[in-house]
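FYI, it's all coordinate maths here, none of it is from the lab. Remember, predicted model here, so these are calculated numbers, not experimental data. Don't worry about glycine lacking a Cβ; one is built from the backbone with ideal geometry, like all the others, and counts go over all protein chains shown.
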């Protein structure tokens, strides 16, 4: 088997690395401050971030491939090339769903980072499978090294960017993400040999470098446009007095807008609403704010969990964990297994709530007095 010698156009190599950086910054910036947004806004932001990050991985790879210099004419399978882009976007989207629609913890952050690293690898090798008239032959060392670097750097990127959601950490996470994407491509290429394969079968229509260049230019234009758009959010920030004023307005609803008795200030689709504590099933801490679950909805509340505890415990709410409050009237079952416990609610839309070890006995006795079913294992 005769291996072909190949090189790279260094200008396109530099451009591919720039695209990876811009895409990483755009995607990680789109997911800032999602706890302040409604569920619909959250879904849209996560979808756009997945497109930016996954599309950036794809664009980086194929800009670098446009710079690949081989001593023969070669083409790409259009269907496989498209499949590589969609796969990257879907895998990154799954990672972002883990981060923004589950209880974010260090294991979840690292799991999401590993998932993105796998997405980078899968995209690269699917994209390479689209080569026509030549065939990529991989070495075990190249595959192993690129895999380790991809997963490790992406885990580091998300651990940094999501450990503390500061602008500095987003920038550092972006650098790690771009480093992961670029390192995977060029480490994998360093461990790849290319041979002539005139008999390669076509899965989809054949695409030349010129056609690929048009697609890459279009996607890169969109990514850079999104980069400028999110960059504005860093330049135009509400003043501290405005932020404090808005928070105070939500924390102290005016009497004429609400009925007598305690009402909880929330946001739904960007609008301020007030709900009765009796409609609440559980509250979950979300940074300096809380997420409130009713039977049919999930709402954002400006109260921190400490403020919610102070106001709602006198009404009978139970703090099962430092991050959770439950309405005992809505708990359908309490399950205890040795030193672990959780509260279960009716309906599939309400997640189970953990009970910390120190509160097991207290919560069990309180729920027994309300008539909730208790099961011990």
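If we sort 348-355, 209-216 on the protection proxy, mean other Cβ atoms within 10 Å, highest first, what's the order?
Values: 348-355: 17.0, 209-216: 15.1.
In decreasing order of mean packing, 348-355, 209-216 become 348-355, 209-216.
Calculated mean residue ellipticity at 222 nm for the chain: -18500 deg cm²/dmol, from DSSP H runs with n ≥ 4 weighted as -39500 (n - 2.57), summed, divided by the residue count and rounded to 500. With each label modelled as a point 7 angstrom along the Cα→C-beta vector, the residue 141-residue 167 pair spans 4.5 nm. Angle between the Cα long axis of helix 360-370 and the longest principal axis of the chain, 0 to 90 degrees, nearest 10? Roughly 60 degrees, rounded to the nearest 10. The stretch 161-217 to the stretch 49-125: how many Å between their Cα centroids? Result: 8 Å between the Cα centres. Residue order for 101, 74, fewest other beta carbons within 10 angstrom first, comes to 101, 74. Angle of helix 140-163 to the longest C-alpha principal axis of the chain, folded into 0 to 90 degrees and rounded to 10: 30°. Take every DSSP beta bridge whose two residues both sit in the chain; close to 90 percent of them are antiparallel. Take 173-179, 20-26 and order them by the average number of nearby Cβ atoms within 10 Å per residue, most first; the result is 20-26, 173-179.
When you count, for each residue, the other Cβ atoms within 10 Å and take the mean per peptide, how do 150-158, 282-290 rank with the highest first? Each step should come with its number before you reach the end.
Numbers: 150-158: 23.4, 282-290: 20.2.
Ranked by mean Cβ neighbours within 10 Å, highest first: 150-158, 282-290.
Computed from Cα atoms, the angle from the helix 167-190 axis to the main principal axis of the chain rounds to 30 degrees. Say R0 is 22 Å: what FRET efficiency, to the nearest 0.05, do residue 313 and residue 273 get from their beta-carbon distance? Calculated value: 0.45.
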